[in-house]
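Report on the following structure.
Derivation of every value follows stated rules applied to the coordinates shown; laboratory data play no part. Everything quoted here is computed from the prediction, not taken from an experiment. Neighbour counts are summed over all protein chains in view; Cβ atoms, including those assigned to glycine, are modelled from backbone coordinates with ideal geometry.
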Amino acid sequence: MLYSKYEGFLSLSKGKRILLTTHDLVDIDGLASCYALKYFLNEYYNTPLISILFSELTRATKNFMVRFTEKFPKFDFKFDKRVDSTKFDLCIIIDTNDIQQLRYSDKKEFLLDLPYIIVDHHYTVEEKLKIDQNNLFNLLNDNISSSAEIILDLYDYFKQILPLPYKYLLSAAILTDSGFFRHGSNTTIKNISNLLDEEVSFQEMTMMLQNQSDISEKIARIKGLQRVKLIREGNYLIGISRVSSFKAKVASTLINIGFDISLVYSKDKNKNIINSRASKDVISRTGLHLGRIFEETSQKFEGSGGGHDGAASITFKADFETVLLDIREKIKQFLTSKF
């Protein structure tokens with residue numbers, strides 16, 4: 001995977017006071033990857049100072065943490081919501097390659113001055129990232145389903161033992177970010193297989209990850225269906241809808257009921273957000289990659305966006321209809337071209 005960079009990554013981390021962080025609304029992949037990497041660095045180098053910085057956590061992440069600590073009551077999910085950046089030498093940003101996706105306290109600018117390395121599995125144009133001696137060792141791989149798989153590979157490469165709680169953490173991250181293999185590959189299944197030994201129960205893992213939809217989510221899904229606009233491009237169906245919350249859930253719901261591609265948006269005074277999903281069928285037939293489309297559009301309109309082939313999002317302040325049209329035209333090019 002990233003073997004040529006692992007040695008440099010660790011060499012750069014040695015003896016540093018390290019801050020680990022991830023995107024706003026921390027999901028299970030961001031959570032698990034941060035704690036697993038913290039343990040790795042402490043075990044490998046006995047790092048002098050290593051802290052985790054989170055903003056808000058998703059409801060699913062909070063629920064998982066409760067169930068996880070029931071099984072592992074001694075595990076400490078300690079993290080900070082505010083830090084003094086002058087106490088750190090290096091920041092490792094996990095599960096996002098976009099600084100604009102970081103949120104914590106009222107200040108986010110200090111990370112731009114603090115040297116950082118990115119560990120991420122989302123599509124990006126690497127040339128757009130700040131290039132210095134640190135970023136030469138960014139660990140980027142958009143051919144896998146989760147950032148947790150990069151951390152797992154790091155353990156394997158350096159032959160570090162992965163304790164039982166961390167096997168559960170990384171397994172949960174891979175399962176959720178791959179949509180329980182719906183967005184995964186053979187590599188995803190192999191990685192889970194390596195983690196699920198006699199100590200790890202797959203059934204118990206799925207119980208930890210179960211979440212009941214609350215009333216707000218149900219209402220958002222129903223409103224998304226009521227408002228959906230159907231667009232046909234040849235043999236493919238695109239669904240466009242608007243909700244104020246749970247956009248990703250609504251986008252997935254539209255795919256589940258038969259749309260090939262979904263675009264679900266919200267608009268307010270400060271920003272516009274579009275979440276998108278695509279079926280495996282349209283991806284395999286056309287070569288569609290939503291992450292690349294949203295990345296290109298975000299650069300064109302000075303927004304923040306990207307993702308995977310079948311799941312992506314963009315946040316922007318530009319004219320909504322102009323950006324939506326740009327995305328639709330890019331999608332249309334895939335649907336009408338011969339792949």
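For helix 3-13, report the angle its Cα long axis makes with the longest principal axis of the Cα atoms of the chain; keep it between 0 and 90° and round to the nearest 10°.
60 degrees
Which percent, to the nearest 5, of DSSP beta bridges fully inside the range 237-289 are antiparallel?
Values: 7 of 12 bridges.
So the antiparallel bridges amount to about 60 percent of the total.
Relative to the longest principal Cα axis of the chain, at what angle does helix 186-195 sit, 0 to 90 degrees, rounded to 10?
It works out to around 40 degrees.
Simple spin-label model, 7 Å along Cα-to-Cβ: Ser51 to Leu164 in nm?
3.2 nm
Where does the chain land at 222 nm, in deg cm²/dmol rounded to the nearest 500, when only DSSP H runs of n ≥ 4 count, each adding -39500 (n - 2.57), divided by all residues? Don't jump to the answer; show the numbers that get you there.
Numbers: 13 runs with 145 residues, N = 339.
So the helix-based figure for the chain works out to -13000 deg cm²/dmol.
Whole number please: convex hull volume per residue of the Cα set in the chain, in Å³? Walk me through the intermediate numbers first.
On the way: hull volume 47.9 nm³, N = 339.
Considering the Cα atoms of the chain, their hull volume per residue is 141 Å³.
Just to confirm a number: summing +1 for Lys and Arg and -1 for Asp and Glu over residues other than Lys229 whose beta-carbon lies under 12 angstrom from that of Lys229, what do you get?
Working: positive: Arg227, Arg232, Arg242, Arg328; negative: none.
It works out to a net charge of +4.
Full extension from Arg67 to Ser284: what is 0.36 nm times the residue separation minus their Cα-Cα distance, to one decimal in nm? Walk me through the intermediate numbers first.
Numbers: separation 217, 0.36 × 217 = 78.12 nm, distance 3.66 nm.
That works out to 74.5 nm of additional length.
Using 23 Å as the Cα-Cα cut-off, could you pick out the over-long pairs in Lys229/Lys332; Lys81/Lys249; Lys38/Lys159; Lys16/Lys81; Lys159/Lys190; Lys78/Lys190?
Details: Lys229/Lys332 16 Å; Lys81/Lys249 27 Å; Lys38/Lys159 16 Å; Lys16/Lys81 21 Å; Lys159/Lys190 17 Å; Lys78/Lys190 31 Å.
As for pairs spanning more than 23 Å Cα to Cα, those are Lys81/Lys249; Lys78/Lys190.
Quick one: Karplus J couplings for the range 259-273, per residue in order, coefficients 6.51, -1.76, 1.60, θ = phi - 60°, nearest Hz, x for Gly and Pro?
Using θ = phi - 60°, the values come out as 6, 7, 9, 10, 10, 10, 10, 9, 10, 9, 5, 9, 7, 10, 10 Hz.
Going by amide H atoms built from the backbone, whose H comes under 5 Å of the H on Ile92, apart from near neighbours?
Here the answer is Leu19, Leu20, Thr21, Ile117, since their amide H atoms fall under 5 Å of that of Ile92.
Quick one: net charge around Ser201, please, counting Lys, Arg +1 and Asp, Glu -1 for every other residue with C-beta under 15 Å from its C-beta. Before the final figure, lay out the partial values.
Working: positive: Arg67, Lys71, Lys167; negative: Glu70, Asp197, Glu198, Glu199, Glu204.
Net charge around Ser201: -2.
At 7 Å along Cα-to-Cβ for each site, give me the label-to-label distance between Arg59 and Lys271 in nm.
The two pseudo-label positions are separated by 2.0 nm.
Taking R0 as 56 Å, what FRET efficiency do you get between Asp197 and Glu321 from their Cβ-Cβ distance, rounded to the nearest 0.05?
Details: r = 53 Å, r/R0 = 0.94.
The formula returns an efficiency of 0.60 here.
Kindly list the residues of the range 150-183 that lie in the label zone of Ile189, defined by a backbone N under 14 Å from the point 7 Å along the Cα-to-C-beta vector.
Of the residues in the range 150-183, 180-183 have backbone N under 14 Å from the label point off Ile189.
Rounded to the nearest 5, what % of the DSSP beta bridges within the chain are antiparallel ones? Numbers along the way, then the final one.
Details: 22 of 45 bridges.
Of the beta bridges lying entirely in the chain, close to 50 percent run antiparallel.
Efficiency by 1/(1 + (r/R0)^6): what FRET value for Glu233 and Asp84, r their Cβ-Cβ distance, R0 = 51 Å, to the nearest 0.05? If you can, show how the numbers build up before the last one.
Working: r = 52 Å, r/R0 = 1.02.
E between Glu233 and Asp84, to the nearest 0.05, is 0.45.
Quick one: which residues, 5+ away or cross-chain, put their amide H under 5 Å from the amide H of Leu140? H built at 1.01 Å from N.
Placed amide hydrogens put Asp120 under 5 Å from Leu140.
Return the single residue from Tyr116, Tyr168, Tyr44 with maximal mean-square fluctuation; model: Gaussian network over the chain, springs between Cα atoms under 10 Å.
Fluctuation is largest for Tyr44.
With 10 angstrom as the radius, rank Ile327, Ile219 by how many other C-beta atoms surround their C-beta, starting from the fewest. Before the final figure, lay out each step's value.
Details: Ile327 20, Ile219 14.
With the sparsest Cβ surroundings first, the list reads Ile219, Ile327.
Could you pull out every one of the aspartates and glutamates with an alpha carbon less than 16 Å from that of Lys14, ignoring same-chain neighbours closer than 8 positions?
In chain and number order, the partners are Glu43, Asp89.
Tally Lys/Arg at +1 and Asp/Glu at -1 over every other residue whose Cβ is under 12 Å from the Cβ of Pro48; what's the total?
In short, +3.
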